[in-house]
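The values are calculated or read from the model by the stated rules, or taken from the named source; none is laboratory data. On a predicted model such as this, the values are computed, not experimentally measured, just so you know. Note that each Cβ is placed from the backbone with ideal geometry, even for glycine, and that neighbours are counted across all protein chains shown. Side chains included, ligands, DNA and RNA excluded: accessible areas come from the protein's heavy atoms. Shrake-Rupley method; radii C 1.70, N 1.55, O 1.52, S 1.80 Å.
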Number of protein chains: 2
Amino acid sequence: MTARIIDGKVIAAELRARVAAEVERVKCEHQLTPGLAVVLVGNDPASEVYVRSKHTQTQAAGMASFEHKLPADVGQGDLLALIAKLNRDPAVHGILVQLPLPKSIHTETIINAIDPAKDVDGLHPNNAGRLAGGFAALSPCTPLGCIILTRSVHASLEGLNAIVIGRSNLVGRPLVQLLLNENATVTIAHSRSKDLPQLCARADLVYAAVGRPEMVRASWIKPGATVIDVGINRLPGAEGKTRLVGDVAFKEVSEVAGAITPVPGGVGQMTVACLLVNTLRAACAIRGLPKPGV
Amino acid sequence: MTARIIDGKVIAAELRARVAAEVERVKCEHQLTPGLAVVLVGNDPASEVYVRSKHTQTQAAGMASFEHKLPADVGQGDLLALIAKLNRDPAVHGILVQLPLPKSIHTETIINAIDPAKDVDGLHPNNAGRLAGGFAALSPCTPLGCIILTRSVHASLEGLNAIVIGRSNLVGRPLVQLLLNENATVTIAHSRSKDLPQLCARADLVYAAVGRPEMVRASWIKPGATVIDVGINRLPGAEGKTRLVGDVAFKEVSEVAGAITPVPGGVGQMTVACLLVNTLRAACAIRGLPKPGV
């Protein structure tokens, strides 16, 4: 068997187009322009690339984009003051503080200061709790992207056996909640799990989110299973360059799986598109409008 | 094989004794008397029994117990005003609103009004979110009791395969988080799961929390597994009486399991004892003291 490749680039582009159409509609019908504020502290090169990409895509979707760049030595009080201002700003519906923050700043305090209604990264305990309780919530973007990619293969996830490898707050744990909401049966495995290959072998849906290059092998995978690879690992490549690989041994697994996401070009493509979805949803919720059609 | 019976009555009594000793210590060393306020709306007979039992056990542990009984037709505003008063009251460290509430009252609004630091039922989204995020949190009492019962059999749950059947906010979902914190590998099954017997068959730890009398059968259970039965179902018994049964077919499963909780006398015994644990922990946290030794 050769797996169908789940093309994150195409699916993300479609999603962004649907967001743009809904933004156009709420502008027309409700004079509402969703706005996203991104806060970047310091000048980590990778973070700068992400923030630029968010800015470009936000504007391309017809939303307002607000960038706030602060020096690496900014005081925690000043950062909290900025967040308080953004919380009050009626033009801002989503607030994203780019992580990681400098060590001098207490990340949890900063995240807890964001108005949960504007927490488009879905990291505030209130959103995590609403998600864990099965209520409507802004959910983290990467897990949301994983669900959308899976839904491109399976119209319904009901009753499917899913395994999530990795239990981070950013991906594994919220992904479990989203899968439960889709009525999948979910197993959460992690570094302390035994018999990981056997646990995987009965899964219809495999989510790898551990950060270990090519850990998931072909022998672990049930023939025909859908494999979603959240890992992005940088390995030394030819001629002193680096190459990106996922947590799944792509080449061999794609001989067994029914469908698989590549790295790059899979889950990574979805994150910013899902951030736009969350910003649109937050804007509609704050304005008291019905949930948008995306 | 005949399973070891996990005696909830004995384990709960030991736990209450440990709480009482710690209460004595914080009274002596820190002049702190932990206080629990229980709010009962209406006169549901079952709720009245629970509230009386909480009152008696709280006092027996050396804590202050405050009861607030409101008529079934109390206005939501009046109930919110009482909660605001209890939130401010320095003698009150735990607030429990007995559920279910009358239909005229919006339960979620009431729970969200409780100060998360005093939410000894662990139902506030902030606590659920902290628990889901792997942070210190007040966790719901019944799942906490399940973990303590399991730990009476297994010194460590690390790497054990657990299955939780049922995904309620009160039991199944928080229990998954507590099991993850114990480094177990966790599968969450529910009404839409397929092949439940096969899913159970590979579990070292089985938690049944579905509310279906004697659903879990001996043929589902791996020999030697530990079975924790959260169900409390009332069936017609002899001479027009009713009898209580769990979600597990106790008689046949106890021939296969390594250890099992009975119904009654298992998980149900632990709930109030865990409420006392949470009240003690909340009192210490509010006063800025280290986590108590229980």
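Helix A:76-88 versus the longest principal axis of chain A: what angle, 0 to 90°, nearest 10, using Cα atoms? Its long axis makes an angle of about 80 degrees. How far apart, in nanometres, would the label points at B:Ile5 and B:Thr33 be if each is projected 7 angstrom from Cα along the Cα-to-Cβ direction? About 3.9 nm separates the two model spin labels.
Think of it this way: in the protein assembly as shown, A:Cys28, A:Cys146, A:Cys200, A:Cys284, B:Cys28, B:Cys146, B:Cys200, B:Cys284 stand alone, with no other Cys Cβ under 4.7 Å.
Can you give the average number of partner chain beta-carbon atoms within 10 Å of each beta-carbon in peptide A:174-180, as a whole number? Partner Cβ neighbours, averaged per residue: 3. Association of chains A and B removes close to 2900 square angstrom of accessible area from solvent, both sides included, for a probe radius of 1.4 Å. As a length-normalised measure over Cα pairs under 8 Å and 6 or more apart, the relative contact order of the stretch B:31-115 settles at 42 percent. The share of Cα pairs per 10 Å bin across the stretch B:193-266, counted from zero up to the longest distance, runs 22, 52, 21, 5, 0 percent. Shown for A:Glu24: label points 7 Å from Cα along the beta-carbon vector, and their distances to the equivalent points in the other copies, 7.5 nm in ascending order.
Is the C-alpha gyration tensor of the protein assembly as shown telling us rounded, prolate or oblate? Criteria: a/c under 1.5 is rounded; beyond that, a/b larger than b/c is prolate, otherwise oblate. Before the final figure, lay out each step's value.
On the way: a/c = 1.88, a/b = 1.28, b/c = 1.46.
Oblate, since a/c reaches 1.5 and b/c is not below a/b.
Residues of the stretch A:176-195 with backbone nitrogen within less than 12 Å of a virtual label 7 Å along the Cα-to-Cβ line of A:Ser156, please, listed as ranges. In the stretch A:176-195, the label zone of A:Ser156 (backbone N under 12 Å from the point 7 Å along Cα→Cβ) covers A:183-184. For A:Thr107, the point set 7 Å out from Cα toward Cβ sits 3.5 nm from its twins in the other copies, listed from shortest up. Solvent-accessible surface of the protein assembly as shown, averaged per residue with a 1.4 angstrom probe and all protein chains in place: 42 square angstrom.
Beyond 20 Å, how much of the Cα-Cα pair distribution for the stretch B:141-269 remains, as a whole percent? In whole percent, the share of Cα-Cα pairs in the stretch B:141-269 beyond 20 Å is 37. Against the compact-protein benchmark of 2.2 N^0.38 Å, the Cα-based radius of gyration of chain A scales to 1.01. Take the Cα of B:Glu48, step 7 Å toward its Cβ, do the same at A:Ala17, and the gap between the two points is 6.6 nm. Measuring only protein heavy atoms, the 1.4 Å probe finds A:Val74 accessible over about 20 Å².
Per-residue mean of foreign Cβ neighbours for B:161-171 is 2 (Cβ atoms of other chains, 10 Å radius). Pairs exceeding a 22 Å alpha-carbon distance, out of A:Lys103/B:Lys291; B:Lys9/B:Lys251; A:Lys54/A:Lys118; B:Lys85/B:Lys118; A:Lys291/B:Lys194: A:Lys103/B:Lys291; A:Lys291/B:Lys194.
Against chain A, whose longest principal axis comes from its Cα atoms, helix A:172-181 is set at around 90 degrees. Across chain A, Cα pairs under 8 Å and at least six residues apart give a relative contact order of 23 percent.
Each other copy holds its own label point for A:Thr242; taking that point as 7 Å from Cα along Cα to Cβ, the gaps run 6.3 nm, nearest first. Between the helical axis of A:141-151 and the longest alpha-carbon principal axis of chain A there is an angle of about 50 degrees. Exposure check, 1.4 Å probe, all protein chains in place: B:Val10 carries approximately 70 Å² of accessible surface. Residue farthest toward the positive end of the dipole of the protein assembly as shown, with Cβ of Lys/Arg at +1 and Asp/Glu at -1: which of A:Gln59, B:Pro90, A:Val153? Of the listed residues, the answer is A:Val153.
Annotation: A:Asp73 carries an accessible surface of approximately 130 Å², with a 1.4 Å probe and no ligand, DNA or RNA atoms counted. Helical runs (DSSP H, four residues minimum) scored at -39500 (n - 2.57) apiece and divided by the length of chain A put the mean residue ellipticity at 222 nm at -12500 deg cm²/dmol.
For the stretch B:141-269, the carbon plus sulfur part of the accessible surface works out to 52%, probe radius 1.4 Å. Of the three principal axes defined by the Cα atoms of the stretch B:31-115, the extents in descending order read 40, 28, 17 Å. Here the label points at B:Glu24 and B:Val294, each 7 Å from Cα along the C-beta direction, are separated by 1.0 nm in the simple model.
For the stretch A:46-103 versus the stretch B:259-279, the inter-centroid distance based on Cα atoms is 47 Å.
Keeping all protein chains in place and using 1.4 angstrom, which order do A:Arg173, A:Arg16, B:Arg151 fall into by accessible surface area, from largest down?
On the way: A:Arg173 25, A:Arg16 70, B:Arg151 110 Å².
Largest accessible area first, the list is B:Arg151, A:Arg16, A:Arg173.
Averaged over the residues of peptide A:189-198, the number of Cβ atoms from other protein chains lying within 10 Å of each residue's Cβ is 4.
For the stretch B:95-196, dividing the convex hull volume of the Cα atoms by the residue count gives 117 Å³ per residue.
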